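For reference, the structure is listed below as structure tokens.
The values are calculated or read from the model by the stated rules, or taken from the named source; none is laboratory data. Quick caveat: nothing in here was measured; it's all calculated off a predicted structure. Every residue, glycine as well, gets a Cβ built from its backbone with ideal geometry; the counts of neighbours run over all protein chains shown. Accessible surface areas use protein heavy atoms only, side chains included; no ligands, DNA or RNA. Shrake-Rupley method; radii C 1.70, N 1.55, O 1.52, S 1.80 Å.
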Amino acid sequence: MGRITARTRVTRVTVGGATSRREDHLAVEEPLEMRVGGRRLAVTMRTPGHDVDLATGFLVSEGVVSRGDQVAAAIHCGAPGENTYNVLDIGLAAGVPAPDASTERNFTVTSSCGVCGKASIDAVRTRSAYDVAGDALRLDPARLAGFPDRMRAGQAVFERTGGLHAAALFDGRTGELLVLREDVGRHNAVDKVVGWAAREGLLPLRGTVLQVSGRASFELAQKATMAGIPVLAAVSAPSSLAVEHAAASGLTLVGFLRGASMVVYAGAARIEEPIGAAVRDTATEAVAG
């Protein structure tokens, strides 16, 4: 297992105040080369830990596999003198086709990019094996509003470093926290969650909510639908392409989930309206005014 945090000496400067020197903790960022059958598929910058989940989730997101049992083996490897924990070779089960060329990444996937390096624009959009539009989940908004704080409370490494994204999977019906993962890359954190679920035999993830700590990008919306997750909630804003993907696929997309308020960008029918609540259409009011 590689390091998750590292220590360094820092100088804290306060304008108009004292300057102090102390030890601080940093979130570790290291490359992981993912191979399938000995052939390099991608290199991603990640926080070490849960690497098999990360690689499995990546394969689900890329449409290479749709179930955990389609991954037969995973082994850390590397040349003599290399950090063997930074190279992971995945063996696919018999009969599972190897990834095609469009899945291969042409350069390192940074911690801020999950679709960089795709061979073509068409390869960015991946067709899911699961239909999230037909998921019957309906959510109490009060329960949904509590997910960000519960996720934040579980971010042990963030407490020490302040430098990690998080993704948490909740049961939408009971509110149970199923799994939480942290990583320097938001897409890696989601892949670790999806990979865990795949290895536990839980795909498709019907009736669940994927809560993320940052914004809701297209890549995260696509990763949710690839795993059969019907609801993606973020504490920050979604991108336009994420909203388009959610609307087209039947994904419920929630942004700016903070405190008691939220903005539903797609799939609002899954969010139950509070009893007695009045719905105002401010756009209509503005036109009428």
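Checking each residue in region 250-262 for being over 19 Å from ARG150 (Cα atoms) and surrounded by fewer than 22 Cβ atoms within 10 Å (Cβ to Cβ) picks out only GLY250.
Identify all residues within region 170-189 that are touching a residue at least 24 places away in the same chain (Cβ under 8 Å) and open to solvent by 10 Å² or more (accessible area, probe 1.4 Å); write none if there are none.
Here is the first cut: in region 170-189, the ones touching a residue at least 24 places away in the same chain (Cβ under 8 Å) are 170-173, 175, 177-178, 180-189.
Of everything in region 170-189, those that are touching a residue at least 24 places away in the same chain (Cβ under 8 Å) and open to solvent by 10 Å² or more (accessible area, probe 1.4 Å) turn out to be ASP171, ARG173, LEU177, LEU178, LEU180, ARG181, GLU182, VAL184, ARG186.
Of all residues in region 121-141, at least one satisfies being at pLDDT below 90, under 25 Å from LEU203 (Cβ atoms) and among the aliphatic types (A, V, I, L, M).
Scanning region 204-263 for residues that are more than 23 Å from VAL65 (Cα to Cα), in contact (Cβ under 8 Å) with a residue 60 or more places away in the chain and among the charged types (D, E, K, R) yields a count of 1. One residue alone among VAL52, VAL64 is closer than 22 Å to ARG186 by Cβ, without any contact (Cβ under 8 Å) to a residue 40 or more places away in the chain and crowded, with 18+ Cβ neighbours inside 10 Å, and that residue is VAL64.
Examine region 43-65 for a residue that is modelled with pLDDT of 80 or more, over 22 Å from the mean Cα position of the chain (by Cα) and part of a loop (DSSP other than H, G, I, E, B), and state whether such a residue exists. No: zero hits.
Counting just the residues of region 1-26 that are assigned to a strand (DSSP E or B) and among the hydrophobic types (A, V, I, L, M, F, W, C), which one comes out surrounded by the fewest Cβ atoms within 10 Å (Cβ to Cβ)?
VAL13
Look at (1) modelled with pLDDT under 95; (2) in a strand (DSSP E or B) and you find that ALA74 fails only one, number (1). Restricting region 27-41 to residues that are small (Gly, Ala, Ser) and at pLDDT 90 or above, the residue that is least open to solvent (accessible area, probe 1.4 Å) is GLY38.
GLY57 meets each of the listed conditions (1) surrounded by 16 or more Cβ atoms within 10 Å (Cβ to Cβ); (2) touching a strand residue (DSSP E or B) at 6+ places or on another chain (Cβ under 8 Å) apart from (2). The set of residues from region 187-221 being closer than 19 Å to LEU137 by Cβ and outside any loop (DSSP other than H, G, I, E, B) comprises VAL190, VAL193, VAL194, ALA197, THR208, VAL209, LEU210, GLN211, VAL212, ALA216, LEU220, ALA221.
Residues in region 1-11 that are more than 30 Å from VAL52 (Cα to Cα) and modelled with pLDDT under 85: VAL10 only. Just checking, does region 94-103 include any residue being assigned by the TED database to the domain that holds ARG46, surrounded by fewer than 16 Cβ atoms within 10 Å (Cβ to Cβ), among the hydrophobic types (A, V, I, L, M, F, W, C) and modelled with pLDDT of 95 or more? Checked against the condition, which is being assigned by the TED database to the domain that holds ARG46, surrounded by fewer than 16 Cβ atoms within 10 Å (Cβ to Cβ), among the hydrophobic types (A, V, I, L, M, F, W, C) and modelled with pLDDT of 95 or more, region 94-103 yields at least one hit.
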